[in-house]
Each structure stands twice: as C-alpha cells, then as structure tokens.
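Student: This is the structure I have questions about; it appears just below.
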Amino acid sequence: MGEKTVPNSIKFLIGGTSGMAATCFVQPLDLVKNRMQLSGGKTSTASVISSILKNEGIFAMYNGLSAGLLRQATYTTTRLGIYTWAKDGPPSFLTKAALGMFAGCIGAFVGTPAEVALIRMTSDGRLPLAERRNYKHVIDALCRITKEEGVFTLWRGAIPTMGRAMVVNAAQLASYSQAKQALLDTGYFEENITLHFVSSMISGLVTTAASMPVDIAKTRIQNMKTVDGKPEYKGAVDVLIKVVRNEGLFALWKGFIPYWGRLGPHTVLTFIFLEQMTSAYKTYAA
C-alpha cells in the first residue's frame, strides 16, 4: 500500500491550528518584541518586561492574544496550507524557497488586518493614557479601525508585511525542510519529534537573522499615526533609512532576543504540532 495522503482542506486546517496552538505559548514574547521595535531608543528585553509587569500587570503580557490567534487563523492557515499542498514530491531547495515565498506572500495579504490589530494591541500599553486606543479584542479593533480610519487602513503596511512574509517563509519553510532532510541523511536521526525539534531550531535561527529588518519596518508602519494628514513614514525604505540614521545600523535587529525567543519556539511548536497532527490524521482518519 502507498503512503496515506492528507486532503488539501485538512492540510489548511492543520496548518492554521498548529500556528494558533504555538501562539498561545509565545504571545508574551511577541508583545515584548513589538514594544522594543517601537521604542525608538536603547532598551533591553529585561527592562521592557519589568516595565510591563510593574505598570500593567502580569496579564498584560497576553494583550493582543485574540489578534494573534486571528492572525494565525488567517496567515498561517494560508501559508502552511499552500506550502504543504504545493510541495508534494521532492522539490529542490530553490523550489522550496520559491514555494515558501509564494505561500508567505498570499498568507500575509490575507492576514494583514489581524497583523495591524496585533501590533496596535500589543503596543497600546506603552502610550500615555490619553493616547491609548484601548481595543477590547480583535473584532473591536477591526471594527473601530474601519469606522475611524477607513477600511484600507486594515491593509496598512501590507507591502512590507508581504515582503517580510516572503523572507520569513523562504527562510523558515525551506530551511526547515532542508535541515530535516540533511539530518535524516546523516543516519543519526529518524522521523520523530527529536528530528522535528532540531530542524525547527535551525530554521528559527536562520529566519530570525534574515527577517528582522523587514519586520521592524512593518511594525513601525502599522503602528504609526497620521498627524494633520501626514503619515510618520512614507514607506518601508523610509523607515529603514530613518532607523539607521537615528538609531544606528544594529537597531534593525533591535529586539533580536525576544524575536528569536518568539520565532524560535513558535517555529518549533508550529512544526511539531503540524507533524504530529498530520501523523495522527494519517493514523486514525485517513
């Protein structure tokens, strides 16, 4: 008998569910990363966490969780579903990277509204009380953004978001598949959770280093305010130029530790959940 196959609809469902499950564990790190990227000055992971706990309380570490879950339900469902569906067969590394970029680009466009809500909800606590948006949850955020700023604001920063997703997915999905195959070829690993963990850690590190400059541009554009009809930034390139000019080149990797701390475990957990749910489906449902 041939290997059991997973229907495309189930691939999309498993992809989104794995991302949402992983987000429940790493949401606090996403919040810290966003706060650091928006700080505009020197800061540290410890000082940001300390400030949040002191001024907002421990539960504030999960601010924006509803937006994070919606983002995974849209973005990750689309990107992982497309990638696992499209990569059937033994494609080359370049093909894997191209498929990852395509999947990430489509997924990012679908997930941008949730991304905008997530950035705003996780960064709200750093603003003075009078300037906070105080969204109750992601649906409230989406409705108020549409009502107060127009529906197209939901896709603010879509271009850098799609650019970031292309970089992330080309690095993450291709490096995961490639690392997994390379580890299997050594003869020291077999298809199990240990292989998935090691492959995911390699993928998370590669992805973090490659995607941070694009991520900081995306974060600042999606959180910017328009004053007297004039936006703070003209676009992603303008963000990068101003960050380098005002904060230094290495500011493009500001928040590296929480970003890797978030992306690394999220990559690990997402792929572990993805592999385990796929295996379970083949065993019990196929």
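Read-outs: derived from the displayed coordinates by stated rules, not from any lab. If you're wondering where the values come from, they're calculated on a predicted model, not measured in any experiment. Neighbour counts run over all protein chains shown; Cβ positions are idealised from the backbone, glycine included.
Student: In degrees, nearest 10, range 0 to 90: what is the angle between the Cα axis of helix 158-186 and the longest Cα principal axis of the chain?
Tutor: Approximately 30 degrees, to the nearest 10.
Student: How many angstrom lie between the Cα centre of segment 215-286 and the Cα centre of segment 174-208?
Tutor: Cα centroid of segment 215-286 versus Cα centroid of segment 174-208: 22 Å apart.
Student: Which angle from 0 to 90°, rounded to the nearest 10, does the C-alpha axis of helix 45-55 make with the longest principal axis of the chain?
Tutor: 60
Student: Under unit Cβ charges (Lys, Arg +1; Asp, Glu -1), what dipole magnitude, rounded to 20 debye, does the chain have relative to its Cα centre?
Tutor: Dipole magnitude for the chain comes out near 680 debye.
Student: Here's a follow-up. What is the helix-to-structure angle for 8-37, meaning the angle in degrees between its Cα long axis and the longest Cα principal axis of the chain, kept from 0 to 90 and rounded to the nearest 10?
Tutor: 40
Student: Taking semi-axes √(5λ) of the Cα gyration tensor in Å as the quantity of interest, determine which of (1) 31, 21, 17; (2) 33, 20, 18; (3) 34, 26, 15 was computed from the displayed structure.
Tutor: Matching the structure shown: (2).
Student: Which of the chymotrypsin sites (Phe, Trp or Tyr not before Pro) found in segment 145-209 are in a DSSP loop and have at most 15 neighbouring Cβ atoms, other than their own, within 10 Å?
Tutor: Answer by residue number: Tyr188.
Student: Okay, next question. Pick out which of Met224, Met162, Met212 has the largest mean-square fluctuation in a Gaussian network model of the chain, springs linking Cα atoms closer than 10 Å.
Tutor: Met224
Student: Taking θ = phi - 60°, what integer Hz values does the Karplus form 6.51 cos²θ - 1.76 cosθ + 1.60 yield along segment 199-207, in sequence order, with x for Gly and Pro?
Tutor: Using θ = phi - 60°, the values come out as 4, 5, 5, 4, 4, x, 5, 4, 5 Hz.
Student: What distance in nm lies between label points placed 7 Å from Cα along the C-beta direction at Lys136 and Gln276?
Tutor: If labels sit at Lys136 and Gln276, their model points lie 3.5 nm apart.
Student: Report the label-to-label distance for Ala209 and Asp228 in nanometres (one decimal), using points 7 Å from each Cα along the Cα→Cβ vector.
Tutor: 4.5
Student: Add -39500 (n - 2.57) for each DSSP H run of 4 or more in the chain, then divide by its residues: what number comes out at 222 nm, to the nearest 500 deg cm²/dmol?
Tutor: It comes out at -24500 deg cm²/dmol, rounded to the nearest 500.
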